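Asker: The structure that follows is given in the form of structure tokens.
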Amino acid sequence: VARLQRRVWDFTPPDERPKQPGDSSTLPNFGASATVDVGFHFEKQATDKELQFDLHAKVRQGRIRNAALPVELHELAGDVHWNNSQVEIRNVTAQSGSLRLVGDALIRRVRDNTPIRIHFKVITLPLDESLEKRLPPDWQPYYRTVTPQGLIDLSGVLEYDGRGEWSHHGCVLTTHDCSFAHVDFPYRFTRVNGTITQQEDELSLNFTGLAG
């Protein structure tokens, strides 16, 4: 068993690393760096056996720069448990101003891919132009149609199949005194509070607000 502390740990895969389909060592680029305290154990019982390892890491003072996020996140912290079968990331927190991110993730190590499951919650996310620019291209016209303003919370589950495809489910969007105006209806709705809940392939909307 050994322990070490490293000043900065960069989780971004090097650009020169080959990324072949089916390579279980290939992980998505999260754009994260942090200071990490590490404790680990290695064991190999025979020359023809796989090296067994167990690693625990405490992440702190980190940051995330990712094109999918509207802002750079600071104060990244969390716990990582990594062994031969999986990487478990617990109690992740990060923030940028009033915006906060919390979550957990499980990355399984299998023979031909690295499936990922992420539980997340984004708190007090501002609805502004920077968010619009990071939405999927086919979502942006709908965003501009209603010109939303205000703060929202967003929670749900993201899953990665290990072969390049992401999916999401169980998402809940909560608005906090938001406002919007549809391009075909010139009166702006204000003090909009409520939720949009994803239920399989359908969305359930429940809102209250003022018009005019």
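Laboratory data are not the source of any read-out in this text; all were calculated from the coordinates shown. Note that the structure is predicted; figures quoted are calculated from it, not measured. Counting neighbours? That spans all protein chains shown, and the Cβs are built from the backbone with ideal geometry, glycine included.
Asker: Tell me the net charge near Arg117. Cut-off is 12 Å between Cβ atoms, Arg117 excluded, with +1 for each Lys or Arg and -1 for each Asp or Glu.
Answerer: Values: positive: Arg108; negative: Glu88, Asp104, Glu159, Asp161.
Computed value for this residue: -3.
Asker: What are the equivalent ellipsoid semi-axes of region 133-212, built from the alpha-carbon gyration tensor (square roots of five times its eigenvalues), in whole angstrom, biggest first? Please report the intermediate quantities before stating the final value.
Answerer: Numbers: eigenvalues 142, 48, 21 Å².
So the equivalent ellipsoid measures 27, 15, 10 Å along its semi-axes.
Asker: What net charge do the residues around His169 carry, taking every other residue with its C-beta under 11 Å from that of His169, with Lys and Arg at +1 and Asp and Glu at -1?
Answerer: Working: positive: Arg117; negative: Glu159, Glu200, Asp201.
Combined, the nearby Lys, Arg, Asp and Glu give -2.
Asker: Right, next: First select every other residue whose beta carbon is under 12 angstrom from the beta carbon of Asp104; then total the charges, Lys and Arg +1, Asp and Glu -1. Numbers along the way, then the final one.
Answerer: On the way: positive: Arg90, Arg117, Lys121; negative: Asp79, Glu88.
In short, +1.
Asker: In addition: Students often check this: by mean Cβ neighbours within 10 Å, which of 46-54, 125-133, 147-155 ranks highest, and how do the rest follow? Write down the numbers at each step before the final one.
Answerer: Details: 46-54: 9.2, 125-133: 14.9, 147-155: 16.7.
Order by mean packing, descending: 147-155, 125-133, 46-54.
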